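Below: one structure, written as structure tokens.
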Amino acid sequence: KEQQTLLLKTNEALRAEQNAHKVLLADLEAQKTAHEKIQREMLPFLKEVQVSLNKMVTTDPPFLSEERKNRLQKLSTIMDDIEISIAEKYRKVMETLFVEAEYGNTIEVTQDKITLSGNEVLADVFRLGRISLFALTLDHKTAAVFNVAENRWTPLAAKQLSPVIAAVEMGSKRRTVEIISLPIGQLAR
């Protein structure tokens, strides 16, 4: 009789454990289904974001062109690799978006060759966020602004030379920051 009672209690405990395992299995199946749904929906979304990033970089003013194109090429390689998880692809897309968004909050001065009035010249290029690019020739005699609508550098009037020099000096940290008036003009549509 004692043995039968012990076996009944063991049987009850095993049934309870079996039911707990069934509930756990059902939860895991639901999580798996949700995970598969997210994967099916996430990849097309990430591809759309990638296309938008490519379009944005090609239509933006030409700053850090090689660096930005290389970053997008690496992202494309990751997105096309079936061995890389959706989580890693998501992380890389978000990382690229973050870097591109940061360009909108920063200024920078780089030296680059630009085409100005048909001549290629070396200039200090001042980037004002994502809004505008200004160039100042190394002799400080000519300034230009990048015209997004026409996709070319446009010389500025002599009266605009002083604010561009000031912007380049501030961007190079050779001058304290102050408010200046730059000819930003209209944004392209």
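The values are calculated or read from the model by the stated rules, or taken from the named source; none is laboratory data. Since we're looking at a predicted model, the values are computed, not measured. With ideal geometry, Cβ positions are generated from the backbone for all residues, glycine too; neighbour counts draw on all protein chains shown. Calculation scope for accessible area: heavy atoms of the full protein, side chains included, ligands and nucleic acids excluded. Shrake-Rupley method; radii C 1.70, N 1.55, O 1.52, S 1.80 Å.
Observations, loosely collected:
- Which numbered condition residue 123 misses (of (1) under 25 Å from residue 153 (Cβ atoms); (2) aliphatic (A, V, I, L, M); (3) in contact with a helix residue (DSSP H, G or I) (Cβ under 7 Å, 6 or more places away or on another chain)): (3)
- Selection status of residue 58, modelled with pLDDT under 90, of a type in the set (Val, Ile, Thr) and loosely packed, with under 10 Cβ neighbours inside 10 Å: no
- Filter result (surrounded by fewer than 15 Cβ atoms within 10 Å (Cβ to Cβ) and closer than 24 Å to residue 130 by Cβ) within segment 72-96: 73, 74, 76, 91, 94, 95
- Condition check for residue 106 on (1) at pLDDT below 90; (2) hydroxyl-bearing (Ser, Thr, Tyr); (3) farther than 30 Å from residue 47 by Cβ; (4) under 21 Å from the mean Cα position of the chain (by Cα): one failure, at (3).
- Which listed residue is open to solvent by 60 Å² or more (accessible area, probe 1.4 Å) and closer than 20 Å to residue 92 by Cβ, from 22, 37, 32, 47: 47
- Condition check for residue 63: aromatic (Phe, Trp, Tyr) and either over 30 Å from residue 153 (Cα atoms) or exposed (fewer than 12 other Cβ atoms within 10 Å of the Cβ) (or both): no
- Every residue from segment 171-185 that is more than 12 Å from residue 125 (Cα to Cα) and either surrounded by 15 or more Cβ atoms within 10 Å (Cβ to Cβ) or touching a Ser or Thr at 6+ places or on another chain (Cβ under 6 Å) (or both): 182, 183, 184
- Filter pass, residue 168 being part of a helix (DSSP H, G or I), within 24 Å of residue 73 (Cβ to Cβ), open to solvent by less than 50 Å² (accessible area, probe 1.4 Å) and of a type in the set (A, V, I, L, M, F, W, C): no
- Number of residues in segment 52-66 that are among the charged types (D, E, K, R) and out of contact with any Lys or Arg (no Cβ under 9 Å at 6 or more places or on another chain) equals 2.
- Here residue 132 passes the criteria (1) exposed (fewer than 11 other Cβ atoms within 10 Å of the Cβ); (2) closer than 30 Å to residue 179 by Cα except the one numbered (1).
- Residues of segment 152-165 satisfying the condition of being surrounded by fewer than 20 Cβ atoms within 10 Å (Cβ to Cβ) and either under 27 Å from the mean Cα position of the chain (by Cα) or of a type in the set (Ser, Thr, Tyr) (or both): 152, 154, 162
- Residue ID - farthest from the chain's Cα centre (by Cα), chosen from residues in segment 141-151 that are at pLDDT below 90 and surrounded by fewer than 18 Cβ atoms within 10 Å (Cβ to Cβ): 150
- Applying a threshold of 9 Å to beta carbon distances and a minimum spacing of six or more residues, or different chains, the list of pairs starting in segment 151-171 at a residue that is farther than 17 Å from residue 116 by Cα and in contact (Cβ under 8 Å) with a residue 24 or more places away in the chain and ending at one that is open to solvent by less than 40 Å² (accessible area, probe 1.4 Å) and acidic (Asp, Glu) reads 168/124; 171/124.
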